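Working notes, structure below.
The values are calculated or read from the model by the stated rules, or taken from the named source; none is laboratory data. Keep in mind the model is a prediction, meaning the values are calculated, not measured. Heads up, the Cβs are rebuilt from the backbone with ideal geometry, glycines too, and the neighbour counts pull from every protein chain shown. All accessible areas refer to the heavy atoms of the entire protein, side chains included, with ligands and DNA or RNA removed. Shrake-Rupley method; radii C 1.70, N 1.55, O 1.52, S 1.80 Å.
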Amino acid sequence: TAIIRQFLFGDYPERHRPTDGPRLYRPAVLLDGAVYDLSIRDGDGAPPGQNPGGPEEWPDSKDWSLQDTDAFVLVYDICSPDSFDYVKALRQRISET
């Protein structure tokens, strides 16, 4: 959430607050004189501190619209090996899709 807020609004919160659920941002971005409409999804739908157990428990990739996605930014907590494993498995799922 902090990375998205910095990108969209130019601010970075001084205090850490965990992502509190999924959010969808739909900004328009001006780049080289052209306007681009973005969809930025924040969060994976799991409650804070809890990730789905494994790829078999995640929603179907069609529900995520992975086929229509042009870029991903996967972020994990460097103090949590579980979050790294989760992102690794998510990256694999994205690659397969």
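A compact table of results
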| item | result |
| --- | --- |
| Note, ³J(HN,Hα) from phi for the range 14-28, Karplus 6.51, -1.76, 1.60, rounded to Hz, x at Gly and Pro | 6, 9, 6, 10, x, 4, 9, x, x, 9, 10, 9, 10, x, 9 |
| Extension reserve of the ARG91-ASP37 stretch, reckoned as 0.36 nm per residue once the Cα distance is removed | 17.0 nm |
| Calculated from backbone phi, Karplus (6.51, -1.76, 1.60) coupling profile of the range 76-82 in Hz, x at Gly/Pro | 9, 8, 5, 8, 10, x, 4 |
| Neighbourhood net charge (14 Å Cβ-Cβ; Lys/Arg +1, Asp/Glu -1) for LEU8 | +1 |
| Percent accessible area from carbon and sulfur atoms, the range 1-43, protein chains only, probe 1.4 Å | 52 percent |
